[in-house]
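The values are calculated or read from the model by the stated rules, or taken from the named source; none is laboratory data. Just so you know, these numbers come straight off a predicted model, no measurement behind them. All Cβ positions, glycine included, derive from the backbone under ideal geometry; neighbour counts span all protein chains shown. Quick note on the areas: whole protein, heavy atoms, side chains included, nothing else; ligands and nucleic acids left out. Shrake-Rupley method; radii C 1.70, N 1.55, O 1.52, S 1.80 Å.
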Amino acid sequence: MGGFYLCRVTEEDADAAHIAAAEAQFRLHGFTRFTPIRSAAHAGFHAAPIHDSHVCVHRDGEDFIAVAGTLIHDGKFGESALRALLGDFRFPFEDWSNTTGQFAAIVHKAGRTFAFTDFFGAFQLFHDANWDVVSTSFLAAAKSLDRVTFDPQGVYEFAFNVFPTGDDTVVSELKRLGPDAQMELGEKAVRTSVSKPLPERVSSTPIEKRIAAQAERLRGTARIYAEAFGDRMQCPLSGGLDSRLALALLRDAGVSPHVYVYGSPGDGDVEVARHIADHEHFRFEPFEKASFASITPDDFPAIVARNFHETDALVTDGGLFDNGGNAYARHQRQEGGQLAVSGGCGEVFRNFFYLPDRALTARQVMGAFFARYTLNDVTDAFDPEGFIDRLEVKALKAIEKPGATGKLRRTLIEQLYPRMRCRAFFGREISVVGRQGAYFMPFFDHEVIEGALQLPLAWKNAGRFEAALLTHIDPVLAAYPSDYGYSFDHPPTLSHRMNELGTRVRPPWLRQRSYAVRRRLGPIRDEHGGLLTPAFLGRVLDLHFPHMQQFFKMKAVSDTGLYRRIATLEYLAQHLERQII
């Protein structure tokens, strides 16, 4: 895991000042151990994982590899994986049948230096236009620039949909390295395009064989982590499918992880998890973040400042304006070098977008899923048609169909979940949690996803395939009740199927208007909460929102999740105030 920072070497030694400032920022992130790295054109450092879970830098003479994130190569983990990858590396890197995980890597070999990311470009690697600055830290990269400007598309995507899609960030001067490119970092940065095709058609393979194949792929990866960490794992468990399937994989590999759930007594997730833990007699921790600590407004500024730096400014949940519970929980999951496990991206086995089984245009999909706005909240800076236009362009690029017109096959639409949605949403989570230590997200694996993309949609609806996969791997876990009103070793209930159908039958044009209609019915509150009252928020922000008022009409915003994300952007703006144009 960990992170790294590189900047271009200059004759006037400006790079030394940039590196010192970046290291100071990394220390605010929580890093304490740094390894200098240098090539002919760039210099900087690698920061070891905060909780010291594994080795992330390997040298062989003048050659070296520095990784941020979790890398599996040639069936190996940690320094063994680094050694194997450095020996096998050829540019452009294409050995994806032998490599998985989510990571960003710098490889220096035979006098040349290269940068690339995992298959989906999930682990975030930030850079400026000329690649004078390259870092896994958004704040360190932003502070290396003389000036920054808020990018309206990035700002609105962050506010409406949690994180910008594609290669965008919330500032125009920084982008992220995408999965479609790898870089050589010389006197001039040279971009090499790479293609990573995924299946575009449903397979005729019988479901039973697919279940067995998926189970074997998942088991193979889980065994690698089991050998490296044993029981030193933390795994979530809720009332749904994804976390239970992740736990099933660990149990199947002979692991007894520490199991936890977030929520309050009486919540469906908490009570289902408690029921399973009581009957299976494993370690179980319910944790209610909102009750972690009772704080005063005087306590708030220090907590927010710590949260801001630890999460690299752009938080995807309620972890910035809280009582410190999110930070405490995040560290607990990896303290002492434990492996954090996640069921994220498990919806690749399901009909995530809840769209009907027919061809649609990329624009229809973007409108149906990403148009979570009402014009009452935004200023004239927002162009609703242009907003969807740019999302459409990014969607087509993500599925390697740039410039395509007309309708997309349903299997191509399914690719948008891992390539676009997971890369943006889980990519940010992976990059934040990943600085602390190793992170295992078994379902965000390209070979697992290749199999999932070939499933008939009927098997994805209501989680039929995922439930069958769980039953195949761990029938005991599958037989326990869920928060859906049935056990996963039985077919989904009629009420659950009808609930999904109610969304699928709504046409895309109506889905695009659903959020605005919902807002007319009253305020919206999300589950992440946060201390957003003036007594608290006024201690850390100018509540006139001087930076974000150019994009939003703050008095009209009655969605707490949206308000919190706009406040996050305002706090960032205050931090970068001297650089903002």
Packing-ranked peptide list from 394-404, 492-502, highest mean Cβ count within 10 angstrom first, is 394-404, 492-502
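Provide the gained length on full extension for the span residue 40 to residue 202, in nm with one decimal, where the gain is 0.36 nm per separating residue minus the Cα-Cα distance.
Details: separation 162, 0.36 × 162 = 58.32 nm, distance 4.79 nm.
Contour length minus Cα-Cα distance gives 53.5 nm.
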Protein accessible area in region 1-84, 1.4 Å probe - carbon and sulfur %: 50 percent
Quick one: 3J(HN,Hα) in Hz for region 406-419, Karplus 6.51/-1.76/1.60 with θ = phi - 60°, rounded, Gly and Pro as x. x, 7, 9, 4, 4, 5, 5, 4, 4, 5, 5, 5, x, 6
Take each of the peptides 189-196, 25-32, average the number of other beta-carbon atoms within 10 Å over its residues, and list them starting from the highest. 25-32, 189-196
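If you roll a 1.4 Å probe over the heavy atoms of the protein chains, what accessible area per residue do you get for region 1-156, in Å²? Intermediate values should be presented prior to the final figure.
Values: 5400 Å² over 156 residues.
Each residue of region 1-156 exposes 35 Å² on average to a 1.4 Å probe.
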Which of the aspartates and glutamates could be linked to residue 289 by a straight reach, that is with a Cα gap under 15 Å, when you skip same-chain ones fewer than 8 residues away? 267, 269, 317, 322, 526, 527
Where a ≥ b ≥ c are root eigenvalues of the Cα gyration tensor, a/c under 1.5 meaning rounded, otherwise prolate if a/b exceeds b/c and oblate otherwise, region 389-499 counts as oblate
Once phi for every residue in region 539-552 is put through the Karplus expression 6.51 cos²θ - 1.76 cosθ + 1.60 (θ = phi - 60°), the whole-Hz ³J(HN,Hα) values, with Gly and Pro written as x, are 7, 10, 9, 7, 6, 7, 6, x, 8, 7, 5, 6, 10, 9
Amide H neighbours of residue 4 under 5 Å, counting only residues 5+ apart in sequence or on other chains, H built in-plane at 1.01 Å? 47, 136, 137
Rank-order 245-254, 431-440, 479-488 by packing density, defined as the average count of other C-beta atoms within 10 Å over each peptide's residues, highest first. 431-440, 245-254, 479-488
Once a ≥ b ≥ c are taken as the square roots of the eigenvalues of the Cα gyration tensor of the chain, is the result rounded (a/c under 1.5), prolate (a/b larger than b/c) or oblate (a/b not larger than b/c)? rounded
With R₀ set to 51 angstrom, the calculated FRET efficiency between the beta-carbons of residue 216 and residue 110, to the nearest 0.05, is 0.85
Using amide H atoms built 1.01 Å from N in the peptide plane, name the residues 5+ places from residue 238, or on other chains, whose amide H lies under 5 Å from its own. 243, 244
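With +1 on the Cβ of every Lys and Arg and -1 on the Cβ of every Asp and Glu, and nothing else charged, how large is the dipole of region 231-335 about its Cα centre, in debye rounded to the nearest 20?
On the way: 9 positive and 17 negative charges, 50 e Å.
Roughly 240 debye, rounded to the nearest 20.
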A student applying the Cα gyration tensor rule (rounded when a/c is under 1.5; otherwise prolate if a/b is larger than b/c, oblate if not) would label region 450-513 oblate
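Would you compute, from DSSP H runs of 4+ residues alone, the mean residue ellipticity of the chain at 222 nm, taking -39500 (n - 2.57) per run and dividing by the full residue count, rounded to the nearest 500? It would help to have the intermediate numbers written out before the result.
On the way: 21 runs with 220 residues, N = 581.
Taking each H run of at least 4 residues, the total per residue is -11500 deg cm²/dmol.
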Give the accessible surface of region 260-389 per residue, rounded to a whole number of Å², with probe radius 1.4 Å and ligands, DNA and RNA excluded. 38 Å²
For residue 188, list the lysines whose Cα falls under 26 Å from its own Cα; do not include residues on the same chain fewer than 8 positions away. 109, 143, 175, 196, 397
For region 97-105, take each phi angle, set θ = phi - 60°, evaluate the Karplus expression 6.51 cos²θ - 1.76 cosθ + 1.60, and give the result in whole Hz per residue in order, putting x for glycine and proline. 5, 10, 9, 8, x, 10, 7, 10, 9
What is the set of long-range amide H partners of residue 487 at a cut-off below 5 Å, with H atoms built 1.01 Å from backbone N? 482
When the accessible area of region 323-407 is computed with all protein chains present and a 1.4 Å probe, what percentage of it is carbon and sulfur? 49 percent
